[in-house]
Amino acid sequence: MRAVLCGYYGMGNGGDEALLATLLQMLPAHVTPVVLSGDPQETRDRHQVAHAVPRKSLGAVLNALRGADAFIWGGGSLMQDASSTLNPVYYGGLMLLAQLMGLKTIAWSQGIGPLNKRFSRWLTRAALKNCDAISVRDRHSATLLTGWKRSCLLAPDPVWALDSKPVKGLWDLPAPRVAVALRPHRHLSEERLKSIAIALDRFQQATGTCLLLVPFQPVKDLAIAEFIATHLSGPHHIYSLSQPKELKGLFRGVEMTIGMRFHALVMSAAEGCQCFAISYDPKVDAIAQLLDLPGWDLAPAPAHLPPLPQNPSDICKTWLATFANSEGFNADQTQSRVDQALMHRDLLHETLAVSR
């Protein structure tokens, strides 16, 4: 069986590459993956897959679909129009095309929304209507599908269950270690970022920690990591890791993570360390609520988390309290979520079972 895997792959985003790595890890052995990628050669090299085609080449995509038996939305917030109104058109259009061509279709580990435009909502509902199987990673998405009279599996993000690998040289850095994974956003102004950088330096001086700056999508996040590094007076290291299993393994060696990136929080929690969320998106709010994480919200509107303080001293004080009371997640809590995340694997195996 051949399955076309469709997601935000080959775009240099560590979270989406982790989703692809997990999907490949969970696929049944009899399924040959064909990955739609922004950088097919990089995808072949990074994930050791034989087949990857350019995601924006209509001819290549059509050929991949013609030669396939199944089509899988491979995790993440694909059907949302907050970052671009074209997202639902691209992903929804391919899902509908795959269904018209008679392929088995799976919406796998989806986080549906935000869907601000009526057309986006209509297209998402149409694309999901005839899927052979649907799994979602948050309760909001499950509630939305229930309102659309569409059944789905609700389970934690599958990256909880991604295998991890040790990072060479990590244990040579001084302990304790704290990871920081920030990303650009319109609500993260230069003034706010400077306050965070100053607060991190004060936090480091008070705790004696080594700060690991982790750009999940280097093309966007690296400049922020480098800016923060210029404000730090203590030991620090910037980690731009390309292998998802190593990226997850990095968090095994830290005491606490301060993260905007959704999968930084997932990986940290999965590896058992304390997390502090800085939310910019409903998916970060959702995991903060699920795990009962401390944190702040960047948005000016009322939200689940309190607003980010303006004063670096207040920011530092909160992080010090979190660090002092850091217990992380115990092994039973972590294993429970890993076991639940494996339900996404079971759904794949059931839907893609070989007919007899």
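Each residue in region 159-179 was checked for being aromatic (F, W, Y) and over 18 Å from the mean Cα position of the chain (by Cα), and 1 of them qualify.
Tell me yes or no: at least one residue of region 334-351 is under 20 Å from P176 (Cα atoms) and of a type outside the set (K, R). Let's see the steps before the verdict.
Filtering region 334-351 for residues under 20 Å from P176 (Cα atoms) gives none.
Within region 334-351, none of the residues are under 20 Å from P176 (Cα atoms) and of a type outside the set (K, R).
Residues in region 10-22 that are in a loop (DSSP other than H, G, I, E, B), within 17 Å of A50 (Cα to Cα) and out of contact with any Asp or Glu (no Cβ under 6 Å at 6 or more places or on another chain): none.
Scan region 127-140 for residues that are closer than 27 Å to L291 by Cα, surrounded by 15 or more Cβ atoms within 10 Å (Cβ to Cβ) and either out of contact with any strand residue (DSSP E or B) (no Cβ under 6 Å at 6 or more places or on another chain) or in the same structural domain as I287 (by TED's automatic domain parsing) (or both) and jot them down. Explain how you work it out, then say what you get.
Applying the first criterion (closer than 27 Å to L291 by Cα) to region 127-140 yields 133-140.
From the residues that got through so far, the ones that are surrounded by 15 or more Cβ atoms within 10 Å (Cβ to Cβ) too are 133-138, 140.
D138, H140 - these are the residues of region 127-140 that are closer than 27 Å to L291 by Cα, surrounded by 15 or more Cβ atoms within 10 Å (Cβ to Cβ) and either out of contact with any strand residue (DSSP E or B) (no Cβ under 6 Å at 6 or more places or on another chain) or in the same structural domain as I287 (by TED's automatic domain parsing) (or both).
Within region 39-61, being of a type in the set (A, V, I, L, M, F, W, C) and either touching a helix residue (DSSP H, G or I) at 6+ places or on another chain (Cβ under 6 Å) or farther than 27 Å from L347 by Cβ (or both) holds for A52, V53, L58, A60. Of all positions in region 64-85, none carries a residue that is free of Cβ contacts under 8 Å to residues at least 24 places away in the same chain, surrounded by fewer than 22 Cβ atoms within 10 Å (Cβ to Cβ), among the aliphatic types (A, V, I, L, M) and in the same structural domain as K129 (by TED's automatic domain parsing).
Of all the listed residues (T124, T146), the sole one being polar (S, T, N, Q), surrounded by 20 or more Cβ atoms within 10 Å (Cβ to Cβ) and more than 30 Å from L320 (Cα to Cα) is T124.
Restricting attention to region 178-194, which residues are without any contact (Cβ under 8 Å) to a residue 12 or more places away in the chain and either hydroxyl-bearing (S, T, Y) or closer than 21 Å to A321 by Cα (or both)? Residue satisfying the conditions is S189 alone.
For region 180-195, taking the residues that are more than 17 Å from S240 (Cβ to Cβ) and not in a helix (DSSP H, G or I), the one that is nearest to the chain's Cα centre (by Cα) is identified as H185. Only residues that are within 22 Å of W73 (Cβ to Cβ), over 22 Å from the mean Cα position of the chain (by Cα) and assigned to a helix (DSSP H, G or I) were counted in region 308-356, giving 3. When E226, E246 are checked against the criterion of being modelled with pLDDT of 95 or more, surrounded by fewer than 19 Cβ atoms within 10 Å (Cβ to Cβ) and closer than 13 Å to A181 by Cα, E226 stands alone in meeting it.
If you check Q289 against the conditions, is it among the polar types (S, T, N, Q), in the same structural domain as A199 (by TED's automatic domain parsing), outside any strand (DSSP E or B) and in contact with a helix residue (DSSP H, G or I) (Cβ under 8 Å, 6 or more places away or on another chain)? No: the conditions fail for Q289.
Go over the candidates D297, D285, D292 one by one and state the one that is within 22 Å of D314 (Cβ to Cβ), free of Cβ contacts under 8 Å to residues at least 12 places away in the same chain and of a type outside the set (G, A, S).
Details: D297 fails: free of Cβ contacts under 8 Å to residues at least 12 places away in the same chain; D285 fails: free of Cβ contacts under 8 Å to residues at least 12 places away in the same chain.
The conditions single out D292.
Looking at A225, A197, A175, A229, which one is closer than 30 Å to Y8 by Cβ, touching a residue at least 24 places away in the same chain (Cβ under 8 Å) and out of contact with any helix residue (DSSP H, G or I) (no Cβ under 6 Å at 6 or more places or on another chain)?
Working: A197 fails: out of contact with any helix residue (DSSP H, G or I) (no Cβ under 6 Å at 6 or more places or on another chain); A175 fails: closer than 30 Å to Y8 by Cβ; A229 fails: touching a residue at least 24 places away in the same chain (Cβ under 8 Å).
Step by step, each of A225, A197, A175, A229 is checked, and only A225 is closer than 30 Å to Y8 by Cβ, touching a residue at least 24 places away in the same chain (Cβ under 8 Å) and out of contact with any helix residue (DSSP H, G or I) (no Cβ under 6 Å at 6 or more places or on another chain).
Within region 101-115, the set of residues being surrounded by fewer than 22 Cβ atoms within 10 Å (Cβ to Cβ) and closer than 21 Å to V31 by Cα comprises M101, G102, L103, K104.
The values are calculated or read from the model by the stated rules, or taken from the named source; none is laboratory data. Quantities reported herein were computed from a predicted structural model and do not represent experimental measurements. Here the Cβ is made from the backbone with ideal geometry for all residues, glycine too, and neighbour counts use every protein chain on show.
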